[in-house]
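A short worksheet on the structure shown next.
The values are calculated or read from the model by the stated rules, or taken from the named source; none is laboratory data. Please read all numbers here as calculations on a predicted model, not as lab measurements. Positions of Cβ are backbone-derived with ideal geometry, glycine not excepted, and every protein chain shown enters the neighbour counts.
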């Protein structure tokens, strides 16, 4: 019998730093009434569920528990953070073969329970793993979402807000392409509450801000490496990014986020997953939100896609 997804039920597979921080953020968000934690180490999942549950009296009634794959049948959203951690000096792409193998063991176990919800891929390299999850699961392309450059974009907005002395929520700009070394800042469409970014820079005393903006782009791209070098892992920023994506899905917000998803001809790109702005709601990805790129940005996006495609070609999907 077909099991309809419960919009108030979510699951997290993988209870490492990112999975546990995401589960905690979701408990605090009050988006769900039921949260299932799954990990290859069942005791780890159970311990995290117990620890998070002890905060429920301060947040509001919710069921948080460790479970197994049969508990996912009626989940509206399964978040996959499971995978090998990125080590100091290691790129996200270096992780790919280890984590694709992990996905080949996880995703069939989700699908065998007649799963009808959405998959949110958070493990790295997120673009390749989003593509792999789509191929392995056989789900329609709108139902497999990668966290993509949502965090990179938040880092960009934060840095621009600091530079310009303005609330980062008033900064509208996107990091696109790979969540990784070939990512691109779409400067040509960046603005602060409708004011073109360079005009706003001039208003704040930066008449020629190219050097400052290039420095910010590099800092955004390398910030994960810096954090990993200092504290061995990043998890708070991505946990907040996961919460934001979940808000869009659970509330059917139809907000525009730079999530990773399969390209189907946009910008001339096909058969690879990468990050571009898209409308996200309860059904997953509703449509791409096309942004204007200049010639250099479009070329850089094609290069980013080709970088990912070369890696994907080495996988047995």
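Given 156, 77, which one is assigned by TED's automatic domain parsing to the domain that holds residue 285, crowded, with 24+ Cβ neighbours inside 10 Å and modelled with pLDDT of 95 or more?
Values: 77 fails: assigned by TED's automatic domain parsing to the domain that holds residue 285.
The unique qualifying residue is 156.
Restricting the search to the range 35-74, which residues are without any contact (Cβ under 8 Å) to a residue 12 or more places away in the chain and under 21 Å from residue 109 (Cα atoms)?
The one that is without any contact (Cβ under 8 Å) to a residue 12 or more places away in the chain and under 21 Å from residue 109 (Cα atoms): 43.
Mind listing just one residue for me: the one in the range 285-317 that is part of a loop (DSSP other than H, G, I, E, B) and out of contact with any helix residue (DSSP H, G or I) (no Cβ under 9 Å at 6 or more places or on another chain) and, of those, nearest to residue 129 (Cα to Cα)?
Residues of the range 285-317 that are part of a loop (DSSP other than H, G, I, E, B), as a first pass: 289-294, 313-317.
Of the ones still in play, those that are also out of contact with any helix residue (DSSP H, G or I) (no Cβ under 9 Å at 6 or more places or on another chain) are 289, 313.
Working: 289: 22, 313: 13 Å.
That would be 313.
Of the residues 308, 315, which single one is at pLDDT below 95, buried (at least 20 other Cβ atoms within 10 Å of the Cβ) and over 21 Å from residue 187 (Cα atoms)?
On the way: 315 fails: buried (at least 20 other Cβ atoms within 10 Å of the Cβ).
Result: 308 is the single residue among 308, 315 that is at pLDDT below 95, buried (at least 20 other Cβ atoms within 10 Å of the Cβ) and over 21 Å from residue 187 (Cα atoms).
Please enumerate the residues belonging to the range 284-305 that are within 25 Å of residue 255 (Cβ to Cβ) and crowded, with 19+ Cβ neighbours inside 10 Å.
284, 285, 293, 297, 301, 304, 305
Just checking: which of the helices (runs of 4 or more DSSP H) contained wholly in the range 1-115 hold 3 or more residues that are in contact with a strand residue (DSSP E or B) (Cβ under 7 Å, 6 or more places away or on another chain)? Show your work before the answer.
Numbers: elements: 17-29, 42-53, 56-59, 96-111.
Where helices (runs of 4 or more DSSP H) fall fully within the range 1-115 and carry at least 3 residues being in contact with a strand residue (DSSP E or B) (Cβ under 7 Å, 6 or more places away or on another chain), they are 17-29, 42-53.
Please enumerate the residues belonging to the range 180-200 that are in contact with a strand residue (DSSP E or B) (Cβ under 6 Å, 6 or more places away or on another chain) and not in a helix (DSSP H, G or I).
Those that are in contact with a strand residue (DSSP E or B) (Cβ under 6 Å, 6 or more places away or on another chain) and not in a helix (DSSP H, G or I): 183, 184, 185, 186, 191, 192.
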